[in-house]
Amino acid sequence: APLDVVALMVEFRRQLDALRPGLELSATVGAGIDKIRVTRPELYHPYVNAINVMSYDFHGDWESSTNFHSALFNSPNDPSTGDARYYNTNDAIQALLARGVPASKLNVGMTSYGRGWSNVGSTNHGLYQSGIGAASSEEPGIESYRVLKTLGWPVYVDANAKTRWIYNGNTFWSFDDPLVIADKMAYAQLQALGGAFLWDFSGDDAQGSLVAA
């Protein structure tokens, strides 16, 4: 129950303060509005130092059509309905801010992996088209950035969502690259957020391109 989540945070904070005041307590939370709505951040945020917003995995191969897994903004072209219309980084951050969470406690999440589909038709360069989970070296529908960057497929940009994807005529991958991360970091600075985090280092390339960005 939502209030149980709040009570758990209160108890964590009480026990940490009893052990030694000043210890940091953070929470890593779902970024879908349907998750934010029921976990009551307006009640639990006073008890944590930071909230890591998992602003990724918005879409993936559990769905039958392609979409962005970690878009920065909503796209007016997105056919999603209901709460899924708000599955993007900005709408997640704004939902938390609207509930009174201080911007300085919020960290934007970014990923070192992509989500993909195969058997995708060529309309709209594969975006918002039907497909099935793409084969990969990780698990179906998931591949690391260090592999995706080497494919050399055509890159497409959504100026509304501020994200990019690659498509080779059959397979579609949505992922964060250094240019997307640069936009997300600029957004974090503009919104005066606490910072950002990456899930996780293992998918980055040998040069650490994502961390450097």
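The values are calculated or read from the model by the stated rules, or taken from the named source; none is laboratory data. Here the structure is a predicted model, which is why all the values come from computation and not from measurement. Please note: Cβ atoms are built from the backbone with ideal geometry, for glycine as well, and neighbour counts cover all protein chains shown. With ligands, DNA and RNA removed, areas are computed over all heavy atoms of the protein, side chains included. Shrake-Rupley method; radii C 1.70, N 1.55, O 1.52, S 1.80 Å.
Ignoring everything except DSSP H segments at least 4 long, calculate the 222 nm mean residue ellipticity for the chain; use -39,500 (n - 2.57) per segment, divide by total residues, nearest 500.
Values: 7 runs with 60 residues, N = 213.
Using -39500 (n - 2.57) per qualifying helix, the result is -8000 deg cm²/dmol.
If each of residue 125 and residue 150 carries a label point 7 Å out from its Cα toward its Cβ, how far apart are those two points in nm?
2.4
For a Förster distance of 25 Å, can you work out the FRET efficiency between the beta-carbons of residue 212 and residue 83, rounded to the nearest 0.05? Walk me through the numbers before you get to the answer.
Working: r = 35 Å, r/R0 = 1.39.
So the FRET efficiency works out to roughly 0.10.
I need the semi-axes of the equivalent ellipsoid of the chain: take the C-alpha gyration tensor, multiply each eigenvalue by 5, square-root it, list largest first in whole angstrom.
Numbers: eigenvalues 212, 69, 47 Å².
Semi-axes (√(5λ), whole Å): 33, 19, 15.
Measuring from label point to label point, each 7 Å out along Cα→Cβ, what is the residue 157 to residue 182 span in nm?
About 1.0 nm, to one decimal.
Expressed as a whole percentage, what fraction of the accessible surface of the chain belongs to carbon and sulfur atoms when a 1.4 Å probe is rolled over the protein heavy atoms?
Details: 5420 of 9980 Å².
Carbon and sulfur: 54 percent of the exposed surface of the chain.
What nm value, rounded to one decimal, do you get for the distance between residue 170 and residue 37 when each label is placed 7 Å out toward the C-beta?
Each label point is offset 7 Å from its Cα along the Cβ direction, giving 4.0 nm.
By how many degrees, 0 to 90 and rounded to 10, does the Cα axis of helix 178-190 deviate from the longest principal axis of the chain?
30
So what is the relative contact order for the stretch 116-171, in percent, with contacts set as C-alpha pairs under 8 Å and at least six apart?
Working: 77 pairs, mean separation 21.3, N = 56.
Answer for the stretch 116-171 is 38 percent.
Leaving out ligands and nucleic acids, and using a 1.4 Å probe, what accessible area per residue does the chain come to in Å²?
Numbers: 9980 Å² over 213 residues.
So the chain comes to 47 Å² accessible per residue, rounded to a whole number.
Once the Cα atoms of the stretch 1-125 are picked out, what are the Rg and Dmax in Å?
Reported Rg and Dmax, both Å: 17.1, 60.
Does anyone have the angle between helix 89-98 and the longest principal axis of the chain? Alpha-carbon axes, 0 to 90°, nearest 10?
20
What do you get for the angle between helix 2-19 and the principal long axis of the chain? Use alpha-carbon atoms, 0 to 90 degrees, nearest ten.
60
Once you have the Kirkwood Rh of the stretch 119-213 from its Cα pairs, apply Stokes-Einstein at 37 °C and 0.692 mPa s and quote D in µm²/s.
Values: Rh = 14.5 Å.
In µm²/s, the coefficient rounds to 226.
Could you estimate the translational diffusion coefficient of the stretch 90-151 from the Stokes-Einstein equation, with Rh from the Kirkwood formula over C-alpha pairs, at 10 °C and 1.306 mPa s, in whole µm²/s? All intermediate terms of the calculation are to be shown ahead of the outcome.
Values: Rh = 14.3 Å.
For the chosen part, D equals 111 µm²/s.
Specify the inter-centroid distance of the stretch 1-22 and the stretch 38-116, based on alpha-carbon positions, in whole Å.
24
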